[in-house]
């Protein structure tokens, strides 16, 4: 057993695990068409392989095959890691439906539990009428980082009701805290928190914004849009909790401009998405490693949820 643990730790060192990168990416109508486009898929794989954990939004795949194709290709592309995913229900008030999907490296992270809001409190909660697509909540254990356990709240707001939905995320946080007994929470996704969807006066009434305990890591001045004619901080990362806030690597929270990084034209970048991903790094725990709770590999007992192997 000691030998196995040492080999695993050595493997982590070989991977140069100096921080944990968390991303959120609105992939804009991701479905079979993009999954079958080799050029688009190639760029997506480069983007996603940078992240230890990524929330993708606007997954519009009724058959459920596009995400499986993505994960299979990702595992083939990045052979030094093993990727799994957890997906939400198909969400939407009418015929238009989307899913949230968390893609994560199961060799560095373990899923403890996940919820489709409002299942934390039971079905039929009136407050969920505010959300066009209810938040998808996931609880992770991360043995390699300073903060060992944290909760992610993934959200893609409706532009017309963005401010109401962002405000209501405060209620979601309170319920998660009551249920899971942790305040180390990260809210992330396309909140449409910029430009015409937000007013300066309206911000004062948004609890998630006015409460100083919530840190907005992506600033209002940032641009998370691909089009050169727009400059909007739609996509955000918001954190709450002493441990997770102190674990954030200074200066790591920013949009990832894949258009510039991969030398794409605006037209080529827009084939992938009209949004840039946003990302943040969490500090590595250099003092110790929780050996007993390290996630296992693909064949291990801790590798669970919806997993697509290469």
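On a full-extension model of 0.36 nm per residue, what is the gain between residue 160 and residue 246, subtracting their alpha-carbon distance, rounded to one decimal in nm?
27.5 nm
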task: Based on the mean of other Cβ atoms within 10 Å per residue, sort peptides 136-146, 30-40 so the most packed one is first.
output: 136-146, 30-40
statement: Under the rule rounded for a/c under 1.5, else prolate if a/b exceeds b/c, else oblate, using alpha carbon gyration tensor axes a ≥ b ≥ c, region 19-143 is classed as oblate
- prompt: How do 180-190, 215-225 rank on mean C-beta neighbours within 10 Å, highest first?
  reply: 180-190, 215-225
field: Additional length obtainable on full extension of the chain from residue 174 to residue 287, 0.36 nm per residue less Cα span
entry: 37.5 nm
query: How much length is gained if the chain between residue 183 and residue 72 is pulled fully straight, taking 0.36 nm per residue apart and subtracting their Cα-Cα distance, in nm to one decimal?
result: 36.6 nm
field: Separation between Cα centres of region 184-222 and region 242-283, rounded to whole Å
entry: 17 Å
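Mind running the shape call on region 21-276? Use the C-alpha gyration tensor, a ≥ b ≥ c as the square roots of the eigenvalues: rounded below 1.5 for a/c, prolate if a/b tops b/c, oblate otherwise.
rounded
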- prompt: Given region 148-191 reduced to its alpha-carbon atoms as identical point scatterers, what log10 I(q)/I(0) does the Debye formula return at q = 0.18, 0.26, 0.30, 0.33 Å⁻¹?
  reply: -0.52, -0.91, -1.07, -1.18
query: Ranked highest first by average number of other Cβ atoms within 10 Å, how do 90-99, 240-249 line up?
result: 240-249, 90-99
- prompt: Each label point is 7 Å from the Cα along the Cα-to-Cβ direction; what then is the distance between the points at residue 195 and residue 227, in nm?
  reply: 0.6 nm
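What does the C-alpha gyration tensor say about the overall shape of region 47-121? Classify as rounded when a/c is under 1.5, otherwise prolate if a/b is larger than b/c, or oblate.
Oblate, since a/c reaches 1.5 and b/c is not below a/b.
Values quoted throughout were computed directly from the atomic coordinates according to the rules given, and no laboratory measurement underlies them. Being a predicted model, the structure only gives us computed values, none of them experimental. Cβ sites come from the backbone with ideal geometry, for glycine too, and all protein chains shown count toward neighbours.
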